[in-house]
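*Asks:* Shown below is the structure under consideration.
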Amino acid sequence: MSFGKRRSVVIASAIALAGAVGGVALTVAGAGTASAAANTCGYLFDDFNYSSSADSSLTAHGWVPRTYAGGPGVPGATWSANSITFPTNGGQKVMQLTASTDGTGGGTNQAELYSAQKRYLEGTYASRVRFTDTPTSGADGDHINETFFTISPLNGDLDPTYSELDVSEYLPNGGWGETGPINYQTTWYTYRNDPWYADNVHSEERTSFDGWHDLVVTVANGHVIYYIDGQQVGDHSGKFYPRQTMTINWNLWFIDTAAHSGGLSTYIQQVDWVLYAKNQVLTPGQATSQAAAYRGAGNAFTDTVDSSGPCVTPSGSASASASPSKSPSSSPSPSTSTPPATSCAAAPEWSINGIYTTGQTVKHEKSANGNPNGPGSGQGKHLWRAKWWTQGSEPGWTANWEDLGHC
């Protein structure tokens, strides 16, 4: 995650690697050759074949090495583009994040690489990541956080459209009051920084993840399903399903310096490749095969996310005839429109606090910038039908609603 505290208000049962959670049945997209698949649905693939963080191709391909100050992590720490390098590992270029601390804010350096555009929502995200349990130099024991995540901006405290998927936050030495090693998958609804309040659901694995791992998450059908090395480790749904587009990010940072024992300690995290399959549900095996197909064809980078064909909804995406995701047991509020209205005249206005279930309809003019409290888009009101249980997801900006036309 990109924030310096973690306290879950809603917590899923811990999921051991030996016991995967059962998910809803999804129609799996076929993953043939990279070129054939890209004709119908968009892909992003990058194997990070760059010379340095100053390589013009890196920014041209939509990646930004973080240089601005602020959280998460140690107050006063530096975020430097020089902390992003591209060494060779096993004959392949990799993206490497480096972070170090001497136990002080001024002596702490952290690293992050993120996508410049907030344009990723439903589909499959995958990245091959090398986590490390020990520093490359200095004393061990720091509360280091090694991550892969997607995120949207928080438009004010407790923003109900906020979306974040922490595909993995690996804490080899623990942190947040936990001993390590521990790995988290966290799906966020919203939060407030001061006083701290977090509304999220998480899964966890209490085992070492030192080494290379294939991290995959599918976002479709009202469910966010997480996998590590092909094994399902989390299934999060209900109101936690993302409500707006996000960026793709990796960062390496120190939760605090409480466990530092002196001197300078340096840690690394490496990323071999990243793949995003827009509006497609790929199995972990298909995702890694798709990445291998690009690499085998000598294609170091491709991006057809915005230029792809007519693939506009995920394979297996819920509809009125599909099984809806379950609403959280903590939100038993009655439906807002029963039976569903069939016209704008009969449909209620959408409410940001309303709870809607599959098939219910509302009328609403989407906002201009994805902020329901901001100005309207000027497109006028449309009739919208909920695809599954939803709350706080604005029609027109999220995949939770089907557009039935202008009022």
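The values are calculated or read from the model by the stated rules, or taken from the named source; none is laboratory data. The structure displayed is predicted, hence computed values, not measured ones. For neighbour counting, all protein chains shown are included, and Cβ atoms are generated from backbone atoms with ideal geometry for every residue, glycine included. Quick note on the areas: whole protein, heavy atoms, side chains included, nothing else; ligands and nucleic acids left out. Shrake-Rupley method; radii C 1.70, N 1.55, O 1.52, S 1.80 Å.
*Asks:* Could you check the spin-label model distance between residue 137 and residue 179? Points 7 Å from the Cα along Cα→Cβ, value in nm.
*Replies:* 3.1 nm
*Asks:* OK, next. Mind checking Rg over Rh on segment 85-147, alpha carbons, Kirkwood formula for Rh?
*Replies:* Numbers: Rg = 14.9 Å, Rh = 14.6 Å.
Across segment 85-147, the Cα-based Rg/Rh ratio is 1.02.
*Asks:* Between residue 379 and residue 351, what is the spin-label point distance in nm, taking each point 7 Å from the Cα along the Cα→C-beta axis?
*Replies:* 2.5 nm
*Asks:* Ignoring ligands, DNA and RNA, what percent of the accessible area of segment 119-247 is carbon or sulfur (1.4 Å)?
*Replies:* On the way: 1400 of 3220 Å².
Roughly 44 percent of what the probe reaches on segment 119-247 is carbon or sulfur.
*Asks:* Mind computing the radius of gyration and Dmax over the alpha-carbon atoms of segment 53-102? Å is fine for both.
*Replies:* 12.7, 37
*Asks:* Could I ask something else about it? For residue 212 and residue 51, calculate 0.36 nm times their separation in residues minus their Cα-Cα distance, and state this gained length in nm to one decimal. Please list the in-between numbers first.
*Replies:* Details: separation 161, 0.36 × 161 = 57.96 nm, distance 2.20 nm.
Taking 0.36 nm per residue and subtracting the Cα distance, the gain is 55.8 nm.
*Asks:* Please give the direction-averaged projected area of the C-alpha convex hull for segment 204-297, in square nanometres with one decimal. Could you put the intermediate results ahead of the total?
*Replies:* On the way: hull surface 35.2 nm².
Computing the convex hull of the Cα atoms and averaging its projections yields 8.8 nm².
*Asks:* What share of Cα pairs, in percent, lie more than 17 angstrom apart in segment 349-404?
*Replies:* Details: 367 of 1540 pairs.
Here the long-distance tail beyond 17 Å is 24 percent of all Cα pairs in segment 349-404.
*Asks:* Also, quick follow-up: Rounded to the nearest 0.05, what FRET efficiency is calculated for residue 102 and residue 82 with R0 set to 22 Å and r the Cβ-Cβ distance? Present the calculation step by step, with values, prior to reporting the outcome.
*Replies:* Numbers: r = 17 Å, r/R0 = 0.78.
The pair residue 102/residue 82 has a calculated efficiency of 0.80.
*Asks:* Calculate the FRET efficiency for residue 264 and residue 59 from the Cβ-Cβ distance with a Förster distance of 22 Å, rounded to the nearest 0.05.
*Replies:* Numbers: r = 30 Å, r/R0 = 1.36.
It comes to 0.15.
*Asks:* Determine the principal axes of the Cα atoms in segment 135-269, then give the extent along each, sorted from largest to smallest and rounded to whole angstroms.
*Replies:* 46, 38, 23
*Asks:* Amide H of residue 248 versus every other amide H placed in the peptide plane: which residues, excluding those fewer than 5 positions away on the same chain, fall under 5 Å?
*Replies:* 115
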